[in-house]
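Asks: Sharing a structure, written as structure tokens. Questions coming.
The values are calculated or read from the model by the stated rules, or taken from the named source; none is laboratory data. Here the structure is a predicted model, which means the values were calculated and not measured. Methodologically, a virtual Cβ is constructed for each residue, glycine included, from the backbone with ideal geometry; neighbour enumeration extends over all protein chains shown. To get the accessible areas, we keep the full protein, side chains included, count just its heavy atoms, and leave off ligands, DNA and RNA. Shrake-Rupley method; radii C 1.70, N 1.55, O 1.52, S 1.80 Å.
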Amino acid sequence: MSQANLSNSTEIAAHDQILHFPKGGKPNLAPNEWLIWNGSQDEGGLPDLEHGKQNVLVPFAWWAQHYQESDIQSKTKAGHIGVWFAADDDILKHAELIEEGKKIWPLVAAHFPIFRDGRSFSTAALLRDRFQWTGEVRAIGDVLIDQLLQGARVGFDSFALRPDQKTDVALKQFDLFSVTTQNSWRDKRATLSKLSV
Amino acid sequence: MYKYDHIDQTLVDQRVAQFRDQVARRLDGSLAEEEFRPLRLQNGLYHQRHAYMLRVAIPYGLFNSNQLRAMALIAKKYDRGYGHFTTRQNIQYNWVTLEDTPDILAELAKVEMHAIQTSGNCIRNITSDAFAGVAGDEYVDPRPICELLRQWSTLHPEFAHLPRKFKFAINGAKEDRTILLCHDVGIELKKNTNGELIADIYAGGGMGRTPILGSLIKTGLPWQLLPSYLTALLRVYNRFGRRDNLYKARIKILVKALSPEEFARQVEGEWLFNKDSDVNFTQAEWDRVAKHFTKPAYLSLAKLSDQQVINTASEAERASFARWLERNVKPHQVPGYASVILSLKPHGSVAPGDATTAQMLAIADLADQYSFGELRATHEQNLVLADVEQSKLHELWQEAKKQKVALPNIGLLTDIIACPGGDFCSLANAKSLPIAKAIQERFDDLDYLFDLGDISLNISGCINSCGHHHVGNIGVLGVDKDGEEWYQITLGGEQGNDAAIGKVIGPSFYADEIPDVITNVINTYVNHRNEDESFIDAYRRIGVAPFKEAAYKNAKKKEKAEIAGDAS
């Protein structure tokens, strides 16, 4: 579990907009309804959900400690709490917790502490392949335009881009390739479809 | 050789467009250098000491004459008229500009080439036996697997930002010519008793700062399951490889920390969940790819004896022609054919592995004329014409001599493997090329080199060991001490089936001492060797002590001289 990492990721930016790219759909921008809480103000519990935000993504490590609290359970069931996985969370070690969470989480996210740390690509792939999670998986943290394509293919379908990124350039990324040479969450490799022709 | 279908071509063309956009964003300032860096590296573009360097992929070292002509013309148009063949079977250009790079990639795409994943923390260009498909000792032609894995690894989304670079080598011959055990993953292809293609997997090998030979972690893996197994392996590495310390981020450190057994167990655990998935290869995919690696239109020829081949030369030429045959010509699977190594190590050369535009164009013609238009790059930085009729060897030799690529020094002391070193590389602590040149100048006598026989001498300009110094019988490593360039000597390294990591013999030397040190080491071998005993065998028999003593003989003298000088 990633207590050490939490203290390092105290700066998770606020987002006005989220880039959604639903499987089988088209990329689009939508207002962000989720506060990403880094768990650092643990003493006060969940942050105050003001400023128009109704919902909060809590660190998975925090979830593991607090999920049995009735307040947390009821807020989660009402659709107001989701979890985010730190890059060094070993999600396979917490399979039971995740299986339980799957029933109630409206959203999960995986964090990129820096854009060139690819661990969350594997986290997303495991959430889709192993846990068969069909809900939204959001990429958060140091999410840059040039990671979108890879993220979309491993299993992310929403992206909280770093605030300095240009959304018009971002929206175009998903059209760059019409073929692939390995299977992904979104589609099978192009060679297979060609072979069946 | 493999020919792109519309999927491969589309992918490469779209990759050029993607990179063109990334370069444009870098140039207009909307993409910061720090963020552009991994993107350009995944397209083979380094920023070197003096300029940008572009490393172009030659998948498993195989290419054709048209591709070589394109490489030659790129060298002329965008660089300084030469290219450098590397120990990873790639070619690199040392003097390109950022602005030109998208155009270079577009020109490469026209001849089914690219620079994808030749650098960066991703799965690198896959290497294999330069004699794949023709080697006399081959039991499985590795090329279809190489190509299938090239496709599988190309722009793999999950493994685009691994903890560090990741290198595959694939071998299917009795003799390992790939340094299989010095790779993050080595795949040894075999046939089982039912004649089915299987693979043994070695993991956690590598050179660099912490040289380690790979460990066998899986045997008898059916070839179809390679993608699921390798996905599991890379997933374990991606999740648990160290990211806190650049020098401890390679998979070898993870395998060592966990133990090969525990690493294998974790991979196996992960693999259970996807081993039956459609990520795996199918027979249809094999058939699609393997048809490109069928045998060329060999003629039905009689096998010529060595003497018959020698007799195709005039009497005056026979001695030197025989030498070339002995060192640069290798046996072939098909009667009447041979494989020829063109030496890119002429004595006094600028850099081992360099070829000029004129040479590349001429060699492309030789490939067309003598070898079905195909070529291979070796990890020793030479080129191979794999399918030459024995009766035409003499004619080819004469042509190769005109291009200065016929020096019969393959496998000899002057067939030096060297990285570009401090003359080009911004990572280097010391120069490599002047050391290589000085050694070649010292050992310029071909008769003597022949008498010494097989000796590998590898030079790296820094601990990253692109010159593979760890596996040289004699290794030279450039090190920096207080801003000065020094050179450390290792002995006893070996590639091939008895792969071994060389041992450091002691304190390092000044650059100008190296030719003397090498001479002393070689003299020690000559003085101690039994009849027909190779350098490495002699070293293993008598141990490091006599070599070490000889190596430091002059250093001591020098020290004394300096002391004497001080006193006067």
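Asks: Quick check on B:Leu73: is it outside any loop (DSSP other than H, G, I, E, B), over 19 Å from the mean Cα position of the chain (by Cα) and crowded, with 19+ Cβ neighbours inside 10 Å? Let's see the steps before the verdict.
Replies: Working: outside any loop (DSSP other than H, G, I, E, B): yes; over 19 Å from the mean Cα position of the chain (by Cα): yes; crowded, with 19+ Cβ neighbours inside 10 Å: no.
No; evaluated as a whole, the condition is false for this residue.
Asks: Another one. Pairs only if they're at least six apart or on different chains, beta carbon under 6 angstrom, first in the stretch B:95-121 and under 15 Å from B:Asp8 (Cα atoms), second among the small types (Gly, Ala, Ser) and open to solvent by 10 Å² or more (accessible area, probe 1.4 Å); list them, first residue then second.
Replies: B:Val111/B:Ala70
Asks: Show me the helices (runs of 4 or more DSSP H) entirely contained within the stretch B:494-556 in which 2 or more residues are under 25 Å from the mean Cα position of the chain (by Cα). Please lay out each step first, then the result.
Replies: Numbers: elements: B:514-528, B:535-542, B:545-551.
So the answer is B:514-528, B:535-542.
Asks: Filter the stretch B:12-57 down to the residues that are in a loop (DSSP other than H, G, I, E, B) and either open to solvent by less than 60 Å² (accessible area, probe 1.4 Å) or within 13 Å of another protein chain (Cβ to nearest Cβ) (or both) and list them by number.
Replies: To start, the set of residues in the stretch B:12-57 that are in a loop (DSSP other than H, G, I, E, B) comprises B:28-32, B:42-44, B:48-51, B:57.
Passing the criteria: B:Asp28, B:Gly29, B:Ser30, B:Leu31, B:Ala32, B:Gln42, B:Asn43, B:Gly44, B:Gln48, B:Ala51, B:Ala57.
Asks: If you don't mind, another one. Take B:Gly206 and decide whether it is touching a residue at least 24 places away in the same chain (Cβ under 8 Å), more than 14 Å from every other protein chain (Cβ to nearest Cβ) and in contact with a helix residue (DSSP H, G or I) (Cβ under 9 Å, 6 or more places away or on another chain).
Replies: On the way: touching a residue at least 24 places away in the same chain (Cβ under 8 Å): yes; more than 14 Å from every other protein chain (Cβ to nearest Cβ): yes; in contact with a helix residue (DSSP H, G or I) (Cβ under 9 Å, 6 or more places away or on another chain): yes.
For B:Gly206, the condition - touching a residue at least 24 places away in the same chain (Cβ under 8 Å), more than 14 Å from every other protein chain (Cβ to nearest Cβ) and in contact with a helix residue (DSSP H, G or I) (Cβ under 9 Å, 6 or more places away or on another chain) - is met.
Asks: If you go through the stretch B:362-400, how many residues are in contact with a strand residue (DSSP E or B) (Cβ under 7 Å, 6 or more places away or on another chain) and either assigned to a strand (DSSP E or B) or within 20 Å of B:His292 (Cα to Cα) (or both)?
Replies: First, pick out the residues of the stretch B:362-400 that are in contact with a strand residue (DSSP E or B) (Cβ under 7 Å, 6 or more places away or on another chain): B:363, B:366-367, B:370-390, B:393, B:396, B:400.
Subset that is either assigned to a strand (DSSP E or B) or within 20 Å of B:His292 (Cα to Cα) (or both): B:367, B:370-377, B:383-389.
Adding up the residues that qualify gives 16.
Asks: Going residue by residue through the stretch B:432-444, is there one that turns out to be in contact with a Lys or Arg (Cβ under 7 Å, 6 or more places away or on another chain) and touching a residue at least 60 places away in the same chain (Cβ under 8 Å)? Spell out the reasoning first.
Replies: As a first pass, look at the stretch B:432-444 and keep what is in contact with a Lys or Arg (Cβ under 7 Å, 6 or more places away or on another chain): none.
Within the stretch B:432-444, none of the residues are in contact with a Lys or Arg (Cβ under 7 Å, 6 or more places away or on another chain) and touching a residue at least 60 places away in the same chain (Cβ under 8 Å).
Every residue, every condition in (1) more than 14 Å from chain A (Cβ to nearest Cβ); (2) crowded, with 23+ Cβ neighbours inside 10 Å, yes or no:
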| site | (1), (2) |
| --- | --- |
| B:Ala169 | yes, yes |
| B:Gly172 | yes, yes |
| B:Thr178 | yes, yes |
| B:Leu181 | yes, yes |
| B:Asp184 | yes, yes |
| B:Gly195 | yes, no |
| B:Thr210 | yes, no |
| B:Gln224 | no, no |
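Asks: When you go through (1) at pLDDT 95 or above; (2) touching a helix residue (DSSP H, G or I) at 6+ places or on another chain (Cβ under 6 Å) one by one for B:Lys431, which number turns out not to apply?
Replies: For B:Lys431, the exception is condition (1).
Asks: Considering only residues of the stretch B:146-155 that are touching a residue at least 60 places away in the same chain (Cβ under 8 Å) and out of contact with any helix residue (DSSP H, G or I) (no Cβ under 6 Å at 6 or more places or on another chain), which is most open to solvent (accessible area, probe 1.4 Å)?
Replies: Start the filter on the stretch B:146-155 by keeping residues that are touching a residue at least 60 places away in the same chain (Cβ under 8 Å), which leaves B:146-152, B:154-155.
Applying the additional criterion that residues be out of contact with any helix residue (DSSP H, G or I) (no Cβ under 6 Å at 6 or more places or on another chain) yields B:149, B:151, B:154-155.
Working: B:Leu149: 1, B:Gln151: 8, B:Thr154: 10, B:Leu155: 40 Å².
Checking each candidate, the answer is B:Leu155.
Asks: Assuming A:Asp168 fulfils every condition listed in (1) free of Cβ contacts under 8 Å to residues at least 12 places away in the same chain; (2) facing chain B (nearest Cβ under 9 Å) apart from one, which condition is it?
Replies: (2)
Asks: Determine which member of the set A:Ser184, A:Ser122 is part of a helix (DSSP H, G or I), in contact with a Lys or Arg (Cβ under 7 Å, 6 or more places away or on another chain) and either under 18 Å from A:Trp62 (Cβ atoms) or facing chain B (nearest Cβ under 9 Å) (or both). Step through it out loud before you land on a result.
Replies: Values: A:Ser184 fails: part of a helix (DSSP H, G or I).
From the options A:Ser184, A:Ser122, the qualifying one is A:Ser122.
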